[in-house]
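The values are calculated or read from the model by the stated rules, or taken from the named source; none is laboratory data. Note that the coordinates shown come from a computational prediction; the quantities given were computed from them, not determined experimentally. Note: ideal-geometry Cβ built from the backbone for every residue, glycine included; neighbour counts use all protein chains shown.
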Amino acid sequence: MNQLTGMILVAGSSPSTTNIHYLSGFTAPDSFLYMKTAQGGLLVVSAMEKGRAIKQSTPGTQIFTPADLGLKGKKAWNKVEQIRILMEIAQLRRILVPVDFPAGLFHALEKKGFKIAIERKAICPERKVKDKAEIAKLRKSQQAAVAAMKSAISLIGSAKIGKNGHLFIEKEFLTSEKVRQLIHKTLIDHDCAGIETIVAGGDQGTDPHERGHGPLFAGQSVILDIFPRSEKTGYWGDISRTVCRGPASAELKKLYNAVKAAQAVALRAVKAGVCADEIHGLCKTVFEQRGFETKEVDGAYVGFIHGTGHGVGLDIHELPRVGASGETLEPGNVITIEPGLYYPGLGGVRIEDTVVVTESGYRYLSACPKKFELL
């Protein structure tokens, strides 16, 4: 970064908040400012948050309250004034802002004559490669995800099959909501929060981001997608499994086996130096060879309708993307491998693991069995 240029980040949107967390070690529920310079970071927080910011922030981060900047009354929380003084302190002439910067604040800075431009590249490209401490934090979250997955599969597997294929636990319908509740309780026991957890049975599972609702049935695929965030570190885990209580039809087993085979082929290809596009292409090839087309039917796409994976860190979806991205994998990337197939009338299947890329292959953050039929 040019010595005369600073990068202003405003906590509030997910990318900027997690970038500030990565750069400074600090996060808070309220909006606050961070300035990234060639010499280090400058953080503006409320007086209430100053003590915590001093304890949590990385060495070299300068911490200010509005009062420290000489701002009082209405000017105390005027971000334009805060930025003006930070620029004076850091002896800057120009500022850059990320693409998620608030439009109103951008306009106000322009109106006041600041030399301001939008940085369209990644603000912290180094986030793609995790160090040992980050990998340890991610492993904790993934272990929580695996524990929750095992509890959910155990519950579904213990359900009784009633009339019309309804699943029952102690004379009550087993529902997506009840399974999700157990998942979230398990995650809380591991100091993690479950957010938008997916328990989607039958045709609900053919929409990859449908959370799922209502009774679950025997003989149908149930997609379980658990992605917890650690309450302590802010790092995420991510895992998906697909199960079927009772015998599955031959076509549904064929669907599951295709996804399992595609994931195995993709995982074997993971290593440093491989282009993510190649991994995605291998999954597509497996599906095509097994007769599972991706196409448009009645205005909606069916088949393999999403990428093969994504990076995981302080954001649940971050770089590198494992799909048509052109990105090359590096040692220390933490990525998901999650091929899936979705056909209304038959069901959806997704299998996902989060792994660390190494020079020669990959390591699971936390392994979890893959079993489809729960008989």
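Summary of computed values
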quantity: Number of the condition not met by PRO125 [criteria: (1) under 17 Å from the mean Cα position of the chain (by Cα); (2) more than 22 Å from THR17 (Cβ to Cβ)]; calculated: (2)
quantity: Residue list for the stretch 96-106, filter: in a loop (DSSP other than H, G, I, E, B) and surrounded by 15 or more Cβ atoms within 10 Å (Cβ to Cβ); calculated: ASP100, PHE101, PRO102
quantity: Residues of the stretch 272-299 that turn out to be of a type in the set (A, V, I, L, M, F, W, C), farther than 23 Å from VAL334 by Cβ and in a helix (DSSP H, G or I), as a count; calculated: 2
quantity: Selection status of VAL322, of a type in the set (A, V, I, L, M, F, W, C) and out of contact with any His (no Cβ under 8 Å at 6 or more places or on another chain); calculated: no
quantity: One residue from GLY326, GLY307 being small (Gly, Ala, Ser) and at pLDDT 95 or above; calculated: GLY307
quantity: Criterion (outside any helix (DSSP H, G or I) and either surrounded by 18 or more Cβ atoms within 10 Å (Cβ to Cβ) or free of Cβ contacts under 8 Å to residues at least 24 places away in the same chain (or both)) met by exactly one of LEU92, LEU109, LEU86, LEU138; calculated: LEU92
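Yes/no per residue for (1) surrounded by fewer than 20 Cβ atoms within 10 Å (Cβ to Cβ); (2) of a type in the set (A, V, I, L, M):
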position	(1), (2)
LEU9	no, yes
SER14	yes, no
SER31	yes, no
MET35	no, yes
ALA38	yes, yes
LEU42	no, yes
LYS55	yes, no
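So that you can scan it fast, the table gives a plain yes or no per residue for (1) assigned by TED's automatic domain parsing to the domain that holds ILE198; (2) at pLDDT below 95; (3) of a type in the set (Val, Ile, Thr):
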site: GLY291; (1), (2), (3): yes, no, no
site: GLY299; (1), (2), (3): yes, yes, no
site: PRO344; (1), (2), (3): yes, no, no
site: VAL356; (1), (2), (3): yes, no, yes
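Conditions tested, residue by residue: (1) at pLDDT below 95; (2) farther than 18 Å from ALA200 by Cα; (3) charged (D, E, K, R); (4) over 28 Å from the mean Cα position of the chain (by Cα).
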| position | (1), (2), (3), (4) |
| --- | --- |
| MET149 | no, no, no, no |
| ASN164 | yes, yes, no, yes |
| PHE173 | no, no, no, yes |
| GLN181 | no, no, no, no |
